[in-house]
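To keep things clear, I will list the structure first and then write my remarks on it.
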Amino acid sequence: MVIARRQLIPWRAAGTRAEMRRNADEVVRDTGWVFNNQTGSTLTLEEFVQTGDAEVDIYLDRLGWNSIAANATLLEIGSGIGRMTSAFSRKFAVTVATDVDAAFLERCRETVSRFGRVGSLRTVHIADGSSIAVEDSSIDAVFSYITLQHCKASDAMRLTTEAFRIVKPGGYVALNYRTWVPADWVLVPAGIVMRQLWRIPVLGPRLSQWRWSTRFGWQANRLDPKRILTLLETAGVVLDDIAILHHPGKPQRPVTFKGSTVIQRDLDVANKSHWWLVARCH
Ligand SMILES: C[S@@+](CC[C@H](N)C(=O)[O-])C[C@H]1O[C@@H](n2cnc3c(N)ncnc32)[C@H](O)[C@@H]1O
C-alpha cells in the first residue's frame, strides 16, 4: 500500500508498534522516545507520564489556564499515548484527546485510566490528519504541543483553523509551532530525502521505525507567525486577545493581525525553534 502522506509514516509505524506491545511499559520503552526523546530499557509508563505531568503544570501556569480548568472542556490536538493527557484529565472537567493515530488513542485511554480520570476523557480520531470531528463552538480550551510541526504544512494550517472553529466564544487556544533555525539548512534537505526513502517498499517501513531516521524525517514543516496570522485573517477569525510566545530573547519578526501589531512575549520554557500562538476568541 502506498501511503500518500509521508510525514504520517513514522507515527503510523510507532502506532503499529504500540498496538503490538504486550504492556504499556513496553510501549514506552519501544515508542516513548517519539514523544519525549527519552530512551532506556527500564523506562516505565509512570515515569513517562511524570514528564507530562510536570509540563502540564508549567504550561497551565504560563497560559494562566489553572483558574478555568475545573469547569472547562480541553481539547488536545496530538495527544499521542497520553503523556500530558493524564494530567489534563485530572485538572479539566472534560478532556478530549485527538490524534491521527487510532492505536495511540487506545493507548492514551489506557494511560489515562491508570494515571488520570478516565471518566472525563473522550477521544476523537483525526482520521484524515486535518479535520477534527467536533461541533463548532463547543470547546473551552484547545491545546497542542509538538504536533503541528510534524504534519504536512497544509494539515497544520487546517488544524489551526479547526481549533478556532471548535473553540467557544471567550474560549482559549494555545498552539505550538516550529520555525526556522540555522541547523535547518541541513535538517530540511535531510528530512526531504528521508521521507522519500520511507516510500521505498520493504526498506521504507523498516527505516521509519528507527529513531535516527524518524528524527530526520518527521519534522515536516516550519510555519512562521505571519503565515498563521494571515491564515486566520483570511478565515475571518475574530479574537479578543492574541500573543506570540517565544524562546527568551528570540522574538519572531514583527507581525500584525487585522492591522494591529501582535504582542510578543518570552516564554521561559520555549524551545529555541518553537513559538506559540496564544489567543482568546471573541
Ligand atoms: C511528538 S508527539 C507529541 C504528543 C504529545 N503532544 C506529547 O507531548 O507527548 C506528536 C503527535 O502528533 C500526532 N500527529 C502527527 N500528525 C498529526 C496530524 N496530522 N493530526 C493529528 N495528530 C497528528 C502523532 O501521532 C503524535 O502522537
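Where a number appears in this text, it was derived from the coordinates with a stated rule and is not lab data. Bear in mind the structure is a predicted one, so any value in this text is a computation, not a measurement. Quick reminder, even Gly has a Cβ in these numbers, built from the backbone with ideal geometry, and neighbours come from all protein chains shown.
Assuming a viscosity of 0.692 mPa s and a temperature of 37 °C, what translational diffusion coefficient in µm² per second does Stokes-Einstein assign to segment 78-211, Rh being the Kirkwood radius over Cα pairs? Walk me through the intermediate numbers first.
On the way: Rh = 16.4 Å.
Stokes-Einstein gives a translational diffusion coefficient of 201 µm²/s.
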message: Out of all Cα-Cα pairs in segment 150-282, roughly what percent, to the nearest whole number, are more than 27 Å apart?
response: 29 percent
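Can you sort S154, S260 from fewest to most other Cβ atoms within 10 Å of each residue's own Cβ?
Numbers: S154 11, S260 8.
Sorted ascending by nearby Cβ count, the order is S260, S154.
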statement: Residues whose modelled amide H sits under 5 Å from the amide H of V96, counting only those 5 or more places away in sequence or on another chain, are L74, L75, E76, R122
field: Under 28 Å from the Cα of K168 - lysines, other chains or at least 8 residues apart
entry: K91, K152, K226, K258
- prompt: Put +1 on the Cβ of each Lys and Arg and -1 on the Cβ of each Asp and Glu in the chain; which of I242, G64, W276 then has its Cα farthest toward the positive end of the dipole?
  reply: W276
statement: Between the modelled labels at A133 and R265 (7 Å from Cα along Cα→Cβ) the distance in nm is 3.7 nm
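Note down the magnitude of the dipole of the chain about its Cα centre, charges +1 on Lys and Arg C-beta and -1 on Asp and Glu C-beta and zero elsewhere, to the nearest 20 debye. Walk me through the intermediate numbers first.
Working: 35 positive and 28 negative charges, 165 e Å.
Once rounded to the nearest 20, the dipole reads 800 debye.
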query: Taking the simple approach of a point 7 Å from Cα along Cα-to-Cβ for both K250 and I192, what is their distance in nm?
result: 2.3 nm
- prompt: In debye, nearest 20: dipole of segment 138-237 around its Cα centre with unit charges on the Cβ of K, R (+) and D, E (-)?
  reply: 340 debye
statement: When the charge dipole of the chain is computed with +1 on Lys and Arg Cβ and -1 on Asp and Glu Cβ about the Cα centre, the Cα farthest towards its positive end, among V193, S131, L74, belongs to V193
message: If I model the chain as equal point scatterers sitting on the Cα atoms and use the Debye formula, what is log10 I(q)/I(0) at q = 0.07, 0.09, 0.10, 0.15 Å⁻¹?
response: -0.24, -0.40, -0.50, -1.18
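At 15 Å minimum axial length over the Cα atoms and a Kyte-Doolittle cut of -0.5, report the qualifying DSSP H helices in the chain, or say none.
Working: long enough: 9-20 (17 Å, -0.36); 45-63 (27 Å, -0.13); 102-115 (20 Å, -0.16); 153-166 (20 Å, 0.01); 184-197 (19 Å, 1.00).
What comes out of the filter, once short or polar helices are dropped, is 9-20, 45-63, 102-115, 153-166, 184-197.
Of the trypsin sites (Lys or Arg not before Pro) in segment 87-168, which ones lie in a loop per DSSP and count no more than 11 other C-beta atoms within 10 Å?
For trypsin sites (Lys or Arg not before Pro) across segment 87-168 that sit outside H, G, I, E and B with at most 11 neighbouring Cβ atoms in 10 Å, the list is empty.
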query: Any idea how far apart D57 and V238 come out in nm if each label point goes 7 Å out from Cα toward Cβ?
result: 4.0 nm
